[in-house]
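Scroll down for the structure; my scribbles are underneath it.
The values are calculated or read from the model by the stated rules, or taken from the named source; none is laboratory data. Note that the structure is predicted; figures quoted are calculated from it, not measured. Note that we place each Cβ from the backbone using ideal geometry, even for glycine, and neighbour counts take in every protein chain shown.
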Amino acid sequence: MGGGPADNPKTIETLAELRRRYPMVGDLEKRAKWRIPRFAYEFLQGGAGDETGLDRNRTALQAVEVVPRYGMDVSKVDTSVELFGHRYAAPIGISPIGFDGMMWPGATEQFAKAAQAYNIPYLVGTLACAAIEKVVEWAPDVTWFQLYPMAPNNHQYSLEMTDRAHVAGAKVLVATLDVPVRAKRPRDLRNGLTMPFKLTPKTMMAAAMAPFWLDAIRRKGMPTFANMAGFAGAPDRVTTSAFVQKHIGGGFPWEQIARLRDRWPGPMMVKGVMHPADAEKALELGLNGVVVSNHGGRQFDAAPATIDVLPEIARTVGTRGTVLFDSGVVSGVDMVRAIACGAHSSFAGRAFMLGLAALGDHGAAHMAQAFIEEYRITLGQSGLLNTDQVRRAPVRHPGAWTRQDFEPHL
């Protein structure tokens with residue numbers, strides 16, 4: 001099982017050629033670096049502080065070993081996974097990336113259409129460059145919504161955005177916990193990346209060296225925070241960016257999560273959970289699960305690798321909820337590693353954006369197909385027939401935090 005779009009033969013041939021030429025995310029990194037402006041590339045690839053968190057995520061994931069079993073009949077591998085009553089093609093989804101249209105104009109649309117075509121979840125963010133209503137039009141079956149906190153006015157804007165996402169038809173609400181304050185990201189500071197995004201002499205020089213990106217800007221227009229237009233009172237970049245600067249942030253205290261739970265009628269999760277006690281609190285408030293994530297190393301440089309805290313959080317949740325994994329996933333092997341360590345499914349953000357940056361509008365579909373294909377290969381190579389078996393696979397995880405590591409703080 002699994003799936004993909006009903007492509008015409010020409011599109012299938014194009015995607016097959018892309019998979020041959022760019023089989024790994026590292027290949028996409030090299031191509032993306034010269035196709036989009038430096039400030040956009042470094043915004044995508046950068047992290048908080050000294051960026052040790054970025055390296056920690058990858059190093060820890062690569063240290064996880066899954067023992068293969070041979071002699072199995074793997075001719076009928078099933079890549080699918082069921083999440084909240086919907087069976088998706090594979091346990092991979094597209095993570096939210098704020099201001100996605102700056103890195104590749106029209107990114108939100110391409111992510112949504114690829115997710116719908118390949119039947120994988122798209123967790124579109126509050127700060128995406130297309131409105132939630134439009135995203136659901138493009139991806140009616142697979143759109144989830146990530147809510148960023150808007151703390152002023154007792155989170156009135158957060159509540160209104162929640163209502164909008166529900167009316168639009170988003171399937172799952174995911175409230176982001178791990179942005180209590182704005183992170184310091186040195187690459188953005190050095191590049192003079194500000195809100196509203198401006199083509200200053202420095203950014204214009206960088207843009208001039210990226211003709212593919214400039215052509216996409218010409219076709220799609222300058223990016224803006226589309227979900228904020230109604231709140232800000234005008235759709236222009238200056239007005240919406242000013243609203244974001246003033247209102248986005250402040251974090252979600254647990255009492256506000258409880259208000260959102262009362263407001264949202266469908267499945268709801270929190271994203272940014274790194275401690276078993278926070279997972280327990282989420283379940284106590286009636287949430288359906290947690291997304292274990294350190295924001296891809298973009299918020300707190302001293303945080304553990306996400307994969308290292310995953311097993312204990314998964315044990316804490318047990319059968320009471322769904323555990324999703326985010327941060328550092330770039331391959332089907334990483335998907336298996338995360339699921340073998342306790343996740344029900346995984347999400348990737350940078351890898352999908354690198355696909356767009358490197359390959360243009362084909363990039364999101366290329367990555368969706370690559371993840372599903374690699375996951376199928378990894379299952380077969382491991383002697384596993386489906387995702388449920390992956391969760392019971394023999395795994396060695398040398399960096400995992402134990403209950404004793406968390407005990408003094410539980």
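LEU359 meets all of the listed conditions (1) at pLDDT 95 or above; (2) over 13 Å from PHE111 (Cβ atoms) but one, namely (1). Candidates in the range 281-309 are the residues that are in contact with a helix residue (DSSP H, G or I) (Cβ under 6 Å, 6 or more places away or on another chain) and of a type in the set (Asp, Glu); of these, the one that is surrounded by the most Cβ atoms within 10 Å (Cβ to Cβ) is ASP308. With respect to the conditions (1) within 30 Å of MET205 (Cα to Cα); (2) touching a residue at least 60 places away in the same chain (Cβ under 8 Å); (3) surrounded by fewer than 24 Cβ atoms within 10 Å (Cβ to Cβ), VAL74 lacks only one, and its number is (1). So which residues in the range 208-255 are hydrophobic (A, V, I, L, M, F, W, C), part of a helix (DSSP H, G or I) and over 18 Å from MET353 (Cα atoms), if there are any at all? Listed by number, the residues that qualify are ALA208, ALA226, MET228, ALA229, PHE231, ALA232, VAL238, ALA242, PHE243, VAL244, TRP254. Among residues of the range 95-114 that are of a type in the set (Phe, Trp, Tyr), those with a Cβ under 7 angstrom from a residue that is in a helix (DSSP H, G or I) and surrounded by fewer than 24 Cβ atoms within 10 Å (Cβ to Cβ), sequence gap 6+ or separate chain, pair up as TRP104/ALA216. In the range 361-382 there is no residue matching the filter, namely being out of contact with any Ser or Thr (no Cβ under 6 Å at 6 or more places or on another chain), on the phi > 0 side of the Ramachandran plot and in contact (Cβ under 8 Å) with a residue 12 or more places away in the chain. Checked against (1) touching a helix residue (DSSP H, G or I) at 6+ places or on another chain (Cβ under 8 Å); (2) of a type in the set (Gly, Ala, Ser); (3) modelled with pLDDT of 95 or more, GLY383 passes all but condition (1).
Each row is one residue, and each column tells you yes or no for (1) among the acidic types (Asp, Glu); (2) within 24 Å of GLY363 (Cβ to Cβ); (3) surrounded by fewer than 19 Cβ atoms within 10 Å (Cβ to Cβ); (4) more than 18 Å from the chain's Cα centre (by Cα).
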| site | (1), (2), (3), (4) |
| --- | --- |
| ALA40 | no, yes, no, no |
| VAL81 | no, yes, no, no |
| GLY85 | no, no, yes, yes |
| PRO91 | no, yes, no, no |
| GLU109 | yes, yes, no, no |
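GLN299 fulfils the conditions (1) in contact with a Ser or Thr (Cβ under 6 Å, 6 or more places away or on another chain); (2) part of a loop (DSSP other than H, G, I, E, B) except for a single criterion, (1).
Here's the yes/no breakdown for (1) within 16 Å of the chain's Cα centre (by Cα); (2) among the aliphatic types (A, V, I, L, M); (3) closer than 18 Å to SER95 by Cα:
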position	(1), (2), (3)
LEU287	no, yes, no
VAL290	yes, yes, yes
ASN294	yes, no, yes
PRO304	no, no, no
CYS341	no, no, no
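As for the range 268-276, it holds no residue that is free of Cβ contacts under 8 Å to residues at least 40 places away in the same chain and out of contact with any Pro (no Cβ under 7 Å at 6 or more places or on another chain).
Of the set (1) more than 18 Å from ARG259 (Cα to Cα); (2) over 19 Å from the mean Cα position of the chain (by Cα); (3) crowded, with 24+ Cβ neighbours inside 10 Å, all apply to PRO96 but (2). Scanning the range 334-362 for residues that are more than 20 Å from ARG376 (Cβ to Cβ), part of a helix (DSSP H, G or I) and out of contact with any His (no Cβ under 7 Å at 6 or more places or on another chain) yields a total of 9.
SER241 passes every criterion in (1) under 22 Å from ARG164 (Cα atoms); (2) buried (at least 21 other Cβ atoms within 10 Å of the Cβ) apart from (2). Working only within the range 74-108, note down all residues that are among the charged types (D, E, K, R) and touching a Gly at 6+ places or on another chain (Cβ under 9 Å). Matches in the range 74-108: ASP78, ASP100. Any residue in the range 124-136 that's in contact (Cβ under 8 Å) with a residue 40 or more places away in the chain: show its pairings with residues that are of a type in the set (Asp, Glu) and crowded, with 23+ Cβ neighbours inside 10 Å at Cβ separation under 7 Å, as long as the two are six or more apart or on different chains. From residues that are in contact (Cβ under 8 Å) with a residue 40 or more places away in the chain, the pairs are ALA128/ASP100; CYS129/ASP100.
Taken over the range 366-401, the residue count meeting the criterion of being surrounded by 19 or more Cβ atoms within 10 Å (Cβ to Cβ), in a helix (DSSP H, G or I) and hydrophobic (A, V, I, L, M, F, W, C) is 7.
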